[in-house]
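Some notes on the structure that comes next.
The values are calculated or read from the model by the stated rules, or taken from the named source; none is laboratory data. Quick caveat: nothing in here was measured; it's all calculated off a predicted structure. Every residue, glycine among them, receives a Cβ derived from its backbone with ideal geometry; neighbour counts consider all protein chains shown. Surface areas here come from the heavy atoms of the whole protein model, side chains and all, with no ligands, DNA or RNA. Shrake-Rupley method; radii C 1.70, N 1.55, O 1.52, S 1.80 Å.
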There are 2 protein chains.
Amino acid sequence: MSDDSVALNKRRAFILATIVYEYIETAEPVGSHTLTQKYRLGVSAATIRNEMAELEAAGYLVQPHASAGRVPSDTGYRTYVDRLMEPVVLAVEDQRQIRNEFLAASRELGDLIENATKTLGRLTSSFAFAVTPAQQTAMFRHVQLIWFSDRAGLVIVVTALGVAAQRNFDVTRAVTADELTGLSNRFNATFGGKRFSEIQATAVREVVASCGLADELAEIVLGALAASVGDERTVVSSGTQHFLAQPEFHDLRKLRSILNMVEEQKALYDFVAEAMNTAGEAPVVKIGHELGDGDVSDCSVLAVPYRTSEDAIGMLALLGPRRMPYGKLLAILAGTANSLTDSLGQR
Amino acid sequence: MSDDSVALNKRRAFILATIVYEYIETAEPVGSHTLTQKYRLGVSAATIRNEMAELEAAGYLVQPHASAGRVPSDTGYRTYVDRLMEPVVLAVEDQRQIRNEFLAASRELGDLIENATKTLGRLTSSFAFAVTPAQQTAMFRHVQLIWFSDRAGLVIVVTALGVAAQRNFDVTRAVTADELTGLSNRFNATFGGKRFSEIQATAVREVVASCGLADELAEIVLGALAASVGDERTVVSSGTQHFLAQPEFHDLRKLRSILNMVEEQKALYDFVAEAMNTAGEAPVVKIGHELGDGDVSDCSVLAVPYRTSEDAIGMLALLGPRRMPYGKLLAILAGTANSLTDSLGQR
DNA sequence: CTTGGCAGTCTTGCCACTAGAGTGCTAAGA
DNA sequence: TCTTAGCACTCTAGTGGCAAGACTGCCAAG
């Protein structure tokens, strides 16, 4: 760590990159001998050994046990991703294939996101997930109170993204269908096109009062509005079975812990939450312990943002073993997110 | 199979039941010796051996290999479930615990079903899933056309179960917000409270025409109505990680095939689809090869129907290893489905 | 019909052993 | 000063043999 930039001279960097590359391919610790055999390094195995010892001392590599080859550490992967890896450019053919996946699909937000997640999982043979965009920045479009009976109904709040909230309600004072329709129309005339943040609770109560209706209806509508802007992001995921193909998850205890995390969804959301708020267009890469301690530290997460036509931001992401083909996956991920953004923009 | 009822005399039935019971508990093939030691059978191990040989010949038991104990066959489990097992009655305490799970929850259909599935998964330590009720039998409640721009909008169809369909639309002839609102009101006045089957396409077109609007709007509404009654059942599931705890799924190939099936959802739906249509209140039990060939034949499915306030039927189900505690799981499953039906009725 | 005894079979765990992969160190050469 | 060949050493993974244990099936006696 001390003389970092000095320690990582050109040759060491190349050796490190080759080790990471080879380990990603084979999942086996990489030894000096195999390295000289499979790659043109121009030096002997003994030299590689010396360099490997240096790289290990500097924290880029670790040795699972004394007579084994080397494996990249978190730092090793991080250096590889940030500085050594050459970016993969998606072939035109692959690009087109991704776009085709979006053609036949429905135009609904939820369907598009689910479709993107499935496509991504399939193309990468990895576990893929998406965090849906928050409604916060969206424009209020429409509220509709629907009459079911004298004392019960349904309230729906719509944003440009679609139905943002629906909830059944009861009232203590009887209402008619016409009263609810009238109230809905008044709301929409008053608040249509405003941002949620611009809708005052007092204004909502006034509208209800001016229609001669009980205040409880105002509370119902306010509740539904609050639910719409509430952080109602959901997580969509696909491809759990891909974990099983990875040797690092053949340990059942680990696998269980990962599956549990995936099912809870909260952890997945947390991985990308920070990135979503500070997000530029840059992909997010979290490697090993950067995700937390415990069994997740064998994993990495790649994530890129996508945008709706109203600039609401969601994240499309991959979760896999730390030993993942970062370049290729980042390319496919970015390609899919672009196509998703395009599809969402065209709606 | 020939002298079935003769072959399964009282003692043999008891021995079979005990073997099934013991195997469900231990997951180890049951031998004559362990059987006499752990249970009061009143006869010696040698006698048990003779009876076991008969039971195997009659197809109730199988032997994994020559020097191993016996394991129940599909027929063995089937006989156990249908004729030998004593039904488990849920303790009042457990009943109350299940009910409590539903108290704090939201009253929305989707939330209730998801909550029931999670609760069921947790209580049984098994994989649980639910098939949502179809809208077909539901009453049409409301249709709303929402104006986004001159040429674009959103149409929403509502049934008593909530929002049944929403889709964005474009129109070639410009419309105003008022026109869409007016049309919505006309639709609701005309069709409100009818069943979907009673709504004629020609009537929809007439309403649109009588408002002086383009026929394309009629097609849009008809499309949304069709989507609402379409067999839009979905499958909600919970507890994938419980598979990993079962020794029968420690084989990764098998596990993968099961996880894959679970993610596809279609297979889960198929397991209970038939039962859903012919359904009485009776629980459905499918054992091993009754589910199909391949890796599912190591599994069993338990399913019971639940009902909404409008008598739409969904299924609540468990999928686990064939070696599952049928009595206990059936009791918890039935209890949860009852609570779910109650909660849905009270909405 | 039941039962104890016995021979036979198959699995499982253990141990020792070997082959192989890989390392670090040293000393010689460039 | 850097590189390299050689060597001794370490650790793992795989193999074969062996003994223990768990069952069964069969037989003959009760």
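Computed values, structure above
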read-out: Leading residue by the ranking (most open to solvent (accessible area, probe 1.4 Å)) among those in the stretch B:143-161 that are under 16 Å from residue B:310 (Cα atoms) and not small (Gly, Ala, Ser); value: B:161
read-out: Number of the exception - residue B:209 against (1) open to solvent by 70 Å² or more (accessible area, probe 1.4 Å); (2) in a helix (DSSP H, G or I); (3) of a type outside the set (Val, Ile, Thr); value: (1)
read-out: For residue B:156: the one exception among (1) more than 31 Å from the chain's Cα centre (by Cα); (2) within 11 Å of chain A (Cβ to nearest Cβ); (3) not small (Gly, Ala, Ser); value: (1)
read-out: Qualifying residue in the stretch A:39-49 (condition: in contact with a His (Cβ under 7 Å, 6 or more places away or on another chain) and either farther than 25 Å from residue A:303 by Cβ or within 14 Å of another protein chain (Cβ to nearest Cβ) (or both)); value: yes
read-out: Only one of B:111, B:74 that is closer than 29 Å to residue B:303 by Cβ and free of Cβ contacts under 8 Å to residues at least 24 places away in the same chain; value: B:111
read-out: Single residue of the stretch A:26-61 satisfying the filter (within 26 Å of residue A:248 (Cα to Cα) and without any contact (Cβ under 8 Å) to a residue 12 or more places away in the chain) that is nearest to DNA strand D (Cβ to nearest atom); value: A:53
read-out: Flag if residue A:312 is open to solvent by less than 10 Å² (accessible area, probe 1.4 Å), away from chain B (no Cβ under 14 Å), under 17 Å from residue A:341 (Cα atoms) and touching a strand residue (DSSP E or B) at 6+ places or on another chain (Cβ under 8 Å); value: no
read-out: Close pairs from the stretch A:222-246: first within 11 Å of residue B:256 (Cα to Cα) and free of Cβ contacts under 8 Å to residues at least 40 places away in the same chain, partner open to solvent by 30 Å² or more (accessible area, probe 1.4 Å) and charged (D, E, K, R), Cβ under 7 Å, at least 6 apart; value: A:241/B:256; A:241/B:263; A:244/B:256
read-out: Some residue of the stretch B:291-302 being away from chain A (no Cβ under 14 Å), in contact with a helix residue (DSSP H, G or I) (Cβ under 8 Å, 6 or more places away or on another chain) and within 13 Å of residue B:128 (Cβ to Cβ); value: yes
read-out: Residues being more than 19 Å from the chain's Cα centre (by Cα), open to solvent by 10 Å² or more (accessible area, probe 1.4 Å) and more than 10 Å from chain B (Cβ to nearest Cβ) - total across the stretch A:102-138; value: 3
read-out: Selected residue [among the hydrophobic types (A, V, I, L, M, F, W, C) and touching a His at 6+ places or on another chain (Cβ under 9 Å)] from B:102, B:127; value: B:127
read-out: Criterion (modelled with pLDDT of 90 or more, touching a Lys or Arg at 6+ places or on another chain (Cβ under 9 Å) and within 16 Å of DNA strand D (Cβ to nearest atom)) met by exactly one of B:71, B:88; value: B:71
read-out: Count - residues of the stretch B:56-87 that are farther than 18 Å from residue B:322 by Cβ and in a loop (DSSP other than H, G, I, E, B); value: 6
read-out: Only one of B:46, B:13, B:53 that is surrounded by 16 or more Cβ atoms within 10 Å (Cβ to Cβ), small (Gly, Ala, Ser) and assigned to a helix (DSSP H, G or I); value: B:13
read-out: Every pair of residues 6+ apart whose Cβ atoms lie under 7 Å, when the first sits in the stretch A:162-174 and is more than 7 Å from chain B (Cβ to nearest Cβ) and within 30 Å of residue A:310 (Cα to Cα) while the second is open to solvent by 10 Å² or more (accessible area, probe 1.4 Å) and in a loop (DSSP other than H, G, I, E, B); value: A:164/A:135
read-out: Residue within the stretch A:72-85 that is open to solvent by 20 Å² or more (accessible area, probe 1.4 Å), away from every other protein chain (no Cβ under 14 Å), among the hydrophobic types (A, V, I, L, M, F, W, C) and within 16 Å of DNA strand C (Cβ to nearest atom) present; value: no
read-out: 2 or more residues more than 9 Å from chain B (Cβ to nearest Cβ), loosely packed, with under 14 Cβ neighbours inside 10 Å and at pLDDT below 95: qualifying helices (runs of 4 or more DSSP H) within the stretch A:226-283; value: A:266-277
read-out: Answer from B:94, B:150 - the residue that is modelled with pLDDT under 90 and among the acidic types (Asp, Glu); value: B:94
read-out: Sole exception among (1) over 22 Å from the mean Cα position of the chain (by Cα); (2) surrounded by 17 or more Cβ atoms within 10 Å (Cβ to Cβ); (3) farther than 16 Å from residue B:147 by Cα; (4) facing chain B (nearest Cβ under 10 Å) for residue A:184, by number; value: (3)
read-out: Residue A:215 being within 27 Å of residue B:254 (Cα to Cα) and surrounded by fewer than 19 Cβ atoms within 10 Å (Cβ to Cβ); value: no
read-out: Any hit, the stretch B:103-120, residues being of a type in the set (Asp, Glu), modelled with pLDDT of 90 or more, under 28 Å from residue A:220 (Cα atoms) and not assigned by TED's automatic domain parsing to the domain that holds residue B:220; value: yes
read-out: Verdict on residue A:67 being within 16 Å of DNA strand C (Cβ to nearest atom), away from chain B (no Cβ under 14 Å), within 29 Å of residue A:331 (Cβ to Cβ) and not hydrophobic (A, V, I, L, M, F, W, C); value: no
read-out: Test set (1) among the aliphatic types (A, V, I, L, M); (2) more than 9 Å from DNA strand C (Cβ to nearest atom); (3) modelled with pLDDT under 95 - residue B:20 fails condition number; value: (3)
read-out: In the stretch A:188-206, the residues that are part of a helix (DSSP H, G or I), within 12 Å of chain B (Cβ to nearest Cβ) and surrounded by 13 or more Cβ atoms within 10 Å (Cβ to Cβ); value: A:188
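For every residue, the table says whether it meets (1) assigned by TED's automatic domain parsing to the domain that holds residue A:285; (2) within 30 Å of residue A:337 (Cβ to Cβ).
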residue	(1), (2)
A:21	no, yes
A:24	no, yes
A:37	no, no
A:69	no, no
A:72	no, yes
A:75	no, yes
A:101	yes, yes
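Each row is one residue, and each column tells you yes or no for (1) in contact with a strand residue (DSSP E or B) (Cβ under 8 Å, 6 or more places away or on another chain); (2) aromatic (Phe, Trp, Tyr).
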{"position": "B:120", "(1), (2)": "yes, no"}
{"position": "B:125", "(1), (2)": "no, no"}
{"position": "B:129", "(1), (2)": "yes, yes"}
{"position": "B:139", "(1), (2)": "yes, no"}
{"position": "B:144", "(1), (2)": "yes, no"}
{"position": "B:162", "(1), (2)": "yes, no"}
{"position": "B:166", "(1), (2)": "yes, no"}
{"position": "B:169", "(1), (2)": "yes, yes"}
